[in-house]
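For reference, the structure is listed below as structure tokens.
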Amino acid sequence: MRWRALLLALALAAAGAPALAAEAQPTGRDSVAAARAVKLSEKLRCLVCQNQSIADSNAELAQDLRGQIREQIAAGKTDDEIVAYMVARYGDFVLYEPPLKATTVLLWAGPALLILGGFVGLVRFLAARRAAPPSPELSPEERQRAERLLAGSEDTAA
């Protein structure tokens, strides 16, 4: 009876061993799929962290998104199809480089508009400063009083 249990255990182990060995050894296709998953993960923004890609983030949502990417790669989807799926599900915000369209034009043009606005403001400030009347000269009495004040000889209450 004991040898039957041992024989059964060995048979089960032998049957499962090739499956486990095949699972543990990466194939060429697995490394390609893993590289694709990493590349796609770096293109997509973590919706929780917002300043990290889902490849860099440790948030649960980022882990779920990485899992979705791996599942879609395993299902044979192309990179464009995977990105389109993520955009359809989470919007353009999930992309680090959103496409240029009506809803994102301010995002693309914003930095240039800020620089242009700053330059226009600087030019207007300098022009107004140049056009300001010169400060009036002090009269001789005012100059003498100012000298006395700076020297400390005149009472400031006067």
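Assorted remarks:
- Here I69, I115 are placed in order of increasing Cβ neighbour count within 10 Å, fewest first, which gives I115, I69.
- For S53, the amide hydrogen comes within under 5 Å of the amide hydrogens of C46, counting only partners 5 or more places away or on other chains and with H modelled in the peptide plane.
- Each label point was placed 7 Å from the Cα along the Cα-to-Cβ direction; for R129 and T104 their separation is 4.0 nm.
- The range 105-151: mean projected area of Cα convex hull, nm²: 5.7
Each reported figure results from applying straightforward, stated rules to the coordinates on display, with no laboratory input. A quick note: this is a predicted structure, and the numbers were derived from the prediction, not measured. Cβ sites come from the backbone with ideal geometry, for glycine too, and all protein chains shown count toward neighbours.
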